[in-house]
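The values are calculated or read from the model by the stated rules, or taken from the named source; none is laboratory data. Everything numeric in this text was worked out from a predicted model, so none of it was measured. Backbone-built Cβ (ideal geometry, glycine too); neighbour counts: all protein chains shown.
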Amino acid sequence: MPRVALTPEAADVLRGLRAEHGDLMFHQSGGCCDGSAPMCYLAGEFRTGSSDVHLGDLAVDEFVIPVWMSAAQFEYWSHTHLTIDVVPGRGSGFSLEAPLGIRFLVRSRLLADDEL
């Protein structure tokens, strides 16, 4: 069972971002405010390491977008399934969608015991 998914609206935004910028990745840290929102970067622009957890890969058409989360944040979210969505409004940070007047966010649901 994948831990992360996309809404169709978020997939549409990612298609446009990829066409403009190239390969993409997501990272969600544990900071305050928008620091806990999923940030979309150019692939490899945000360096991941042993303090990050690879949640999975999102398939959008023929391309794949890896999704990472800080290990400290994952401790809080380890029992949830995350769906990346997009909503109107501008978030702060360096996420690629910010200039479009939209922002990515996560919607979560608890995982059943057999999904963990």
When region 63-116 is checked residue by residue, the ones that are under 16 Å from residue 41 (Cβ atoms) and aromatic (Phe, Trp, Tyr) are 63, 68, 94, 104
Note to self: Can you find a residue that is in a loop (DSSP other than H, G, I, E, B), in contact with a His (Cβ under 8 Å, 6 or more places away or on another chain) and surrounded by 14 or more Cβ atoms within 10 Å (Cβ to Cβ) anywhere in region 106-114?
What the structure shows: yes
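Residues are listed down the side, and each one gets a yes or a no for (1) in contact with a Gly (Cβ under 9 Å, 6 or more places away or on another chain); (2) β-branched (Val, Ile, Thr); (3) at pLDDT below 95:
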residue: 11; (1), (2), (3): no, no, no
residue: 30; (1), (2), (3): no, no, yes
residue: 42; (1), (2), (3): yes, no, no
residue: 53; (1), (2), (3): no, yes, no
residue: 57; (1), (2), (3): no, no, no
The strands (runs of 3 or more DSSP E) lying entirely within region 1-102 that contain at least 1 residues which are among the small types (Gly, Ala, Ser) and surrounded by 14 or more Cβ atoms within 10 Å (Cβ to Cβ) are 4-6, 52-60, 63-70
Exercise. Might you let me know whether region 55-66 holds any residue that is farther than 18 Å from residue 2 by Cβ and in contact with a helix residue (DSSP H, G or I) (Cβ under 8 Å, 6 or more places away or on another chain)?
Key: no
Note on region 30-54: residues within 18 Å of residue 2 (Cβ to Cβ) and charged (D, E, K, R) are 52
Considering residues that are touching a residue at least 60 places away in the same chain (Cβ under 8 Å) and not acidic (Asp, Glu), the number found within region 33-75 is 5
